[in-house]
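Worksheet: the structure to be examined is printed underneath.
The values are calculated or read from the model by the stated rules, or taken from the named source; none is laboratory data. Note that this is a predicted model, so its numbers are computed, not measured. So basically every Cβ, Gly included, is an ideal-geometry build from the backbone, and we count neighbours across all protein chains shown. Quick note on the areas: whole protein, heavy atoms, side chains included, nothing else; ligands and nucleic acids left out. Shrake-Rupley method; radii C 1.70, N 1.55, O 1.52, S 1.80 Å.
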Amino acid sequence: MKTIRVTAAIICDNITHPTQIFATARGYGDFKGKWEFPGGKIEEGETPQEALVREIEEELDTEIMVGELITTVEYDYPTFHLSMDCFWAQVKEGELILKEAEAARWLTADTLYDVEWLPADLELIEKIKNTMS
């Protein structure tokens, strides 16, 4: 099975004491309308952090500060294996402007399950919830 390496930004209001995180609904593909964390494929020669800065600039027209690695999610979809490095991130400069997603929300620990997450992202939600204050 083919492995796809991606990186995801858990953009929060405060990287040291997160109380809200930013999630987006996919605007295309098989999982259109399902919720995920913004990010994308790691290109050859890029670190996951470099890829994340580039992807967020492309998807949200925003410069981010990348924080600590939360976890690497390994998930088998029917046609590929996903390896996703998930990092805390915070907006450094700019506004979050949706260029690819169809919707976005800021979620708190109490509202994390109010959206329908992509299967690979579900594994991450409990880890995030335990960190949010």
Neighbourhood net charge (10 Å Cβ-Cβ; Lys/Arg +1, Asp/Glu -1) for Ile42 = -3
query = Residue farthest toward the positive end of the dipole of the chain, with Cβ of Lys/Arg at +1 and Asp/Glu at -1: which of Ile21, Ala89, Ile64?
reply = Ile21
remark   = One finds the C-alpha centres of the stretch 87-121 and the stretch 31-83 to be spaced, in Å, by 12 Å
request  = Please give, to one decimal in nm, the separation of the simple spin-label points placed at Leu82 and Glu43, each 7 Å out from Cα toward the Cβ.
outcome  = 2.2 nm
Mean separation of Cα contacts under 8 Å (6+ apart) over length of the stretch 1-106, as relative contact order % = 38 percent
ask   = What net charge is computed for the residues neighbouring Trp106, neighbours being all others with C-beta under 14 Å from the C-beta of Trp106, Lys and Arg scored +1, Asp and Glu -1?
value = -3
request  = List every residue whose amide H lies under 5 Å from the amide H of Ala104, counting only residues 5 or more places away in sequence or on a different chain, with H placed 1.01 Å from N in the peptide plane.
outcome  = Ala25
remark   = The summed charge of the Gly94 Cβ neighbourhood (under 11 Å; Lys/Arg +1, Asp/Glu -1) stands at -4
query = Tell me, what % of the accessible area of the stretch 65-119 is carbon and sulfur with a 1.4 angstrom probe?
reply = 48 percent
query = Full extension from Thr131 to Ile4: what is 0.36 nm times the residue separation minus their Cα-Cα distance, to one decimal in nm?
reply = 43.0 nm
inquiry  = Assuming 0.36 nm per residue, please report the length gained on full extension of the stretch His17 to Tyr75 beyond their Cα-Cα distance.
reply    = 18.1 nm
request  = Using R₀ = 25 Å, calculate the FRET efficiency as 1/(1 + (r/R₀)^6) where r is the Cβ-Cβ separation of Ala109 and Tyr28; round to 0.05.
outcome  = 0.30
